[in-house]
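Trainee: Can you keep this structure in mind? I'll have questions shortly.
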Amino acid sequence: MSKRIKKIGVLTSGGDSPGMNAAIRSVVRACAYYNVECVGIYRGYQGMIEGDFENMGPRSVNNIVNKGGTILKSARSKDFMTPEGRAKAHENLVEYGVNALVVIGGDGSFTGAEVFNKEYKFPVIGIPGTIDNDIFGTSHTLGFDTALNTVVEAIDKIRDTASSHNRLFLVEVMGRDAGHIALNAGIGAGAEEILIPEEDLGLERLLESLRKSKLSGKSSSIVVIAEGDKIGKNVFELKDYIEENQPEYDIRVSVLGHMQRGGSPSCFDRVLASRLGVKAVESILEGKSNYMVGMLNDKVCLTPLDQAIKGHSQIDQELLRVSDIMTT
Ligand code: ATP
């Protein structure tokens, strides 16, 4: 165990995701287990700049493993993008006796952690917390599994009403740059078509697919669309376009929005958070820095932060193929 590390700070940054609380709990309890002090930093990097710190012991994280959101609150901090902001943050950490940081967030938060590490040689370890699952070096980010379950449950309900009225539903899900939620939830919910940012399906193919689906006897359809799909039309423009070209369809739009970020984390996310939190603390105590802890082939592993940031997880071609076959 490294002698230097006496106090570890933990913060959540960027968009919140279900499982962040379970990760905070895991970091706090792992610190207690290894007799290291733990400090919760509120509102991400902004709280670091403002010195919004609180000592945390194992009992301060009771009853949060099942809670969505983050008890430490999250923020996007413009001040941390400036050298002056980071200098103030560093000053506060030194004053509070914090020797290392666990940052729970997405690639933006990891970029901030990396910059901070470079400037001050401050030990940092990242835990991937974002529902989009767009981070290289882990098969799952915290919150992705819960978000999928939320989306599938919502689409199941939409399907009930779609089939009662012979309607076509366009369901927009989160994923500006990554289609993992749309593709996985689309397959899970039995969508007729799935539009994602990584693949250019094309409007003609979509219309053709809807035509075929109608001819094959389907009376209602669900199309799942990621926010950032390649077709380049927003979901309402897409509705107008389909109505113009296939007036026989009675189309409704449902934008699932922020409900996808909320809710009690799934068991998968709670277990993942617990494993990653322990590994984050153990890695710091082994003297490691500038890594992200993740899960690959059900093994907890470390990926250099810069690779995690730049890499972006690729869309699974096998899933695309399965999705094509399922829409036959
Ligand atoms: P999500 O995936 O939900 O968007 P994220 O972690 O990618 O989460 P961002 O808003 O991109 O969210 O980043 C969170 C914070 O990280 C920013 O508000 C900023 O404080 C810090 N940050 C991001 N990029 C940098 C950078 N280049 N330098 C310093 N800090 C940064």
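Only the coordinates and a few stated rules stand behind these numbers; no lab work does. Nothing here was measured: the structure is a model prediction, and the numbers come from that model. Neighbour counts are summed over all protein chains in view; Cβ atoms, including those assigned to glycine, are modelled from backbone coordinates with ideal geometry.
Trainee: Suppose a student asked you for the relative contact order of the chain, using Cα pairs under 8 Å spaced at least 6 residues apart; what percent would you report? Can you show the working numbers first?
Mentor: Details: 730 pairs, mean separation 78.1, N = 328.
Rounded, it is 24 percent for the chain.
Trainee: What whole-number distance in Å separates the alpha-carbon centres of region 276-328 and region 42-61?
Mentor: Going from one Cα centre to the other spans 26 Å.
Trainee: Counting Lys and Arg as +1 and Asp and Glu as -1, each charge on the Cβ, what is the dipole of the chain about the Cα centre in debye, to the nearest 20?
Mentor: Taking the Cα centre of the chain as origin, the dipole is about 1300 debye.
Trainee: Which values of log₁₀ I(q)/I(0), to two decimal places, follow from the Debye formula for region 201-282 at q = 0.12, 0.27 Å⁻¹ with a uniform point scatterer at every Cα?
Mentor: -0.55, -1.40
Trainee: I'd like the FRET efficiency for M81 and M259, computed as 1/(1 + (r/R0)^6) with the beta carbon distance as r and R0 of 25 Å, rounded to 0.05. Kindly include the intermediate steps, with their values, before the conclusion.
Mentor: Values: r = 30 Å, r/R0 = 1.19.
That pair, M81 with M259, gives E of 0.25.
Trainee: To continue, here is another question. Regarding region 117-256, what whole-number volume in Å³ per residue does the convex hull of its Cα atoms give?
Mentor: Per-residue hull volume (Cα only) is 115 Å³.
Trainee: Moving on to the next point. Quick one: plug the Kirkwood hydrodynamic radius of region 224-328 (C-alpha pairs) into Stokes-Einstein at 37 °C, 0.692 mPa s, and report D in µm²/s.
Mentor: The diffusion coefficient I find is 180 µm²/s.
Trainee: Compare E282, E248, E50 in a GNM of the chain, Cα atoms joined below 10 Å, and give the one with the largest fluctuation.
Mentor: Judging by the Gaussian network model, the answer is E248.
Trainee: Taking only Cα atoms and a 10 Å spring cutoff, compute GNM fluctuations for the chain and point out the largest among H90, H312, H165.
Mentor: Sorting by GNM fluctuation, first place goes to H165.
Trainee: For Q307 and Y96 in the same chain, what is the full-extension length gain: residue separation times 0.36 nm, less their Cα-Cα distance, in nm?
Mentor: Gain in length upon complete extension: 72.9 nm.
Trainee: Right, something else. Across 5 Å bins from 0, what is the distribution of all Cα-Cα pair distances for region 256-310, in whole percents?
Mentor: 4, 17, 21, 19, 17, 14, 6, 2, 0
Trainee: Report relative contact order for region 182-232 in percent, whole number only (criteria: Cα-Cα under 8 Å, sequence separation at least 6).
Mentor: For region 182-232, the relative contact order is 54 percent.
Trainee: Taking only C-alpha pairs under 8 Å that are 6+ residues apart, what is the relative contact order of region 154-260 in percent?
Mentor: After rounding, I find 41 percent.
Trainee: Could you list E54, E192 so that the one with the fewest beta carbons within 10 Å of its beta carbon is first and the one with the most is last?
Mentor: Details: E54 12, E192 21.
Going from sparsest to densest Cβ surroundings: E54, E192.
Trainee: A follow-up question, please. Give, to the nearest whole percent, the P(r) tail of the chain beyond 32 angstrom, counting all Cα pairs.
Mentor: On the way: 18349 of 53628 pairs.
The proportion of pairs with Cα distances above 32 Å equals 34 percent.
Trainee: List, in order, the whole-Hz ³J(HN,Hα) value for each residue of region 292-298 obtained from phi through the Karplus relation with A = 6.51, B = -1.76, C = 1.60 and θ = phi - 60°; use x for Gly and Pro.
Mentor: With the stated coefficients, region 292-298 comes to 9, 8, x, 10, 10, 6, 6 Hz.
Trainee: Could you derive backbone 3J(HN,Hα) for region 231-248 from the dihedral phi with the Karplus parameters 6.51, -1.76 and 1.60 (θ = phi - 60°), listing whole Hz in sequence and x where the residue is Gly or Pro?
Mentor: 4, x, 9, 6, 5, 6, 5, 5, 4, 4, 5, 5, 4, 5, 8, 9, x, 5
Trainee: Roughly speaking, what is the stretch gain from S60 to V271, that is 0.36 nm per residue apart minus the C-alpha to C-alpha distance, in nm to one decimal?
Mentor: 74.0 nm
Trainee: For the chain, set up a Gaussian network in which alpha carbons nearer than 10 Å are linked by springs, and say which option among T146, T161, T12 fluctuates the most.
Mentor: Of T146, T161, T12, the Gaussian network model singles out T161 as fluctuating most.
Trainee: Modelled label-to-label distance, K7 and M326, 7 Å Cα→beta-carbon offset: nm?
Mentor: 5.0 nm
Trainee: How many angstrom separate the Cα center of region 89-140 from the Cα center of region 191-243?
Mentor: 38 Å
Trainee: Also, I was wondering about something else. Provide the per-residue ³J(HN,Hα) series for region 50-57, in order, calculated from phi with Karplus coefficients 6.51, -1.76, 1.60 and θ = phi - 60°, each as a whole number of Hz, with x at glycine and proline positions.
Mentor: Values, residue by residue: 8, x, 8, 10, 8, 5, 10, x Hz.
Trainee: Go through K73/K310; K157/K218; K78/K239; K212/K239; K73/K233; K157/K233 and tell me which ones have a Cα-Cα distance over 29 Å in this structure. Can you show the working numbers first?
Mentor: On the way: K73/K310 26 Å; K157/K218 18 Å; K78/K239 37 Å; K212/K239 18 Å; K73/K233 34 Å; K157/K233 25 Å.
K78/K239; K73/K233, as the Cα separations exceed 29 Å there.
Trainee: Further question on the same structure: What FRET efficiency do you get for D177 and Y33 if R0 is 41 Å and r is their Cβ-Cβ distance, rounded to the nearest 0.05?
Mentor: Efficiency computed from Cβ-Cβ geometry: 0.65.
Trainee: Still on this structure, please answer the following. Using DSSP, restrict attention to beta bridges with both residues in the chain and report what percent are antiparallel, rounded to the nearest 5.
Mentor: 25 percent
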